[in-house]
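Take a look at the structure below.
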Amino acid sequence: MSIKKYLPLLVLFSLIVFSSFVVASSNDVAQISVSGTVSVNGQNAANSSTIISGSKIVTGAKSEAVVSLGKNKKVVIYSDSEVDLKFSESGINVDLSLGAARLVTPEGFGSAVATTNALVWVDKRIQNNFLVELGCPENDQCAATFVESTFGDVTALNKNDNSENRISTKDETRTAAVQDSCDKTCQPRRALDSPKVVTAGMGKGIWLIFGIIAAAVAVAFSTNGNDVSSNGNVPIVSPIR
């Protein structure tokens with residue numbers, strides 16, 4: 001029996017198997033954009049290169065990585081951070097051991113972040129955009145996870161006592177902290193210093209602006225037309241940075 005006779009069939013079969021493998025594994029491949037010093041699985045990452053699910057990503061000082069998984073699906077890994085990233089066609093799982101990461105996911109796509117003391121997940125029925133950050137990395141006795149939701153519905157679970165804290169932008173509750181054995185000096189670098197936290201009190205910010213305008217008008221009238229001058233710089237306060 002000649003092998004040459006069946007060679008075309010063998011080639012066709014190989015192509016079918018290979019194409020099936022590519023299609024099946026394409027959902028486990030993503031593109032990474034880097035700025036500064038970023039490593040993937042211990043190797044320096046090139047900008048616009050591809051990574052696979054299960055990769056370990058580490059960012060250096062003043063560095064950042066953005067992992068894109070398709071339309072409205074991305075993970076932003078901020079400076080001085082370390083994550084283990086897994087993803088599929090249905091969701092993203094992040095193991096955050098240092099620093100901070102932001103996840104952006106569309107409706108119908110799940111996402112979760114695990115830290116030393118917390119588990120954070122979304123309601124995948126709606127779009128979500130949230131930030132998770134570890135606080136006080138220099139204090140081994142302190143485990144602190146800070147969560148901020150830009151929009152969506154996020155739940156933070158304390159692994160130690162199983163207590164849950166829901167963070168829903170519908171209720172204008174945008175931040176939460178899961179802390180164990182931490183004092184008040186343990187604060188996040190990003191989460192509670194975000195413009196979106198201020199947005200939760202946007203009404204107060206607007207009233208503050210109206211108050212400033214009203215005060216200015218009152219001063220103008222009280223001077224009875226006299227010139228009012230001010231020396232030095234005038235600070236501008238805005239609820240949005």
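The values are calculated or read from the model by the stated rules, or taken from the named source; none is laboratory data. What you are looking at is a predicted structure, and each value in this text was computed from that prediction instead of being measured. Neighbour counts are summed over all protein chains in view; Cβ atoms, including those assigned to glycine, are modelled from backbone coordinates with ideal geometry. Just the protein is used for accessible areas: all its heavy atoms, side chains included, with ligands, DNA and RNA removed. Shrake-Rupley method; radii C 1.70, N 1.55, O 1.52, S 1.80 Å.
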Descending packing, highest mean Cβ count within 10 Å first, for 113-122, 98-107 is 113-122, 98-107
Using 1/(1 + (r/R0)^6) with R0 = 30 angstrom and r between the beta carbons of GLU107 and GLU64, what's the FRET efficiency to the nearest 0.05? 0.70
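Can you give the Rg/Rh ratio of segment 33-116, where Rg is from the C-alpha atoms and Rh is the Kirkwood radius?
On the way: Rg = 11.8 Å, Rh = 12.6 Å.
Rounded to two decimals, Rg/Rh equals 0.93.
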Surrounding charge for GLU82, neighbours by C-beta under 10 angstrom, Lys/Arg +1, Asp/Glu -1, total -2
Could you go through segment 34-48 in sequence order and give the Karplus-derived ³J(HN,Hα) for each residue, using 6.51 cos²θ - 1.76 cosθ + 1.60 with θ = phi - 60°, rounded to whole Hz, and x for Gly and Pro? 10, 9, x, 9, 9, 10, 10, 6, x, 10, 4, 8, 8, 5, 6
Sum up the charges of everything whose Cβ sits under 12 Å from the Cβ of LYS56, counting Lys and Arg as +1 and Asp and Glu as -1, but leave LYS56 out. -2
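In segment 37-99, what percent of the accessible surface is made up of carbon and sulfur (1.4 Å probe, ligands and nucleic acids excluded)?
Working: 1430 of 3140 Å².
Carbon plus sulfur share of accessible area: 46 percent.
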Convert each backbone phi in segment 99-104 into a coupling constant with the Karplus relation 6.51 cos²θ - 1.76 cosθ + 1.60 (shift: θ = phi - 60°), then list the ³J(HN,Hα) values in order as whole Hz, x for Gly and Pro. x, 8, 8, 10, 10, 10
Order the peptides 80-90, 158-168 from the highest to the lowest mean number of other Cβ atoms within 10 Å of their residues. 80-90, 158-168
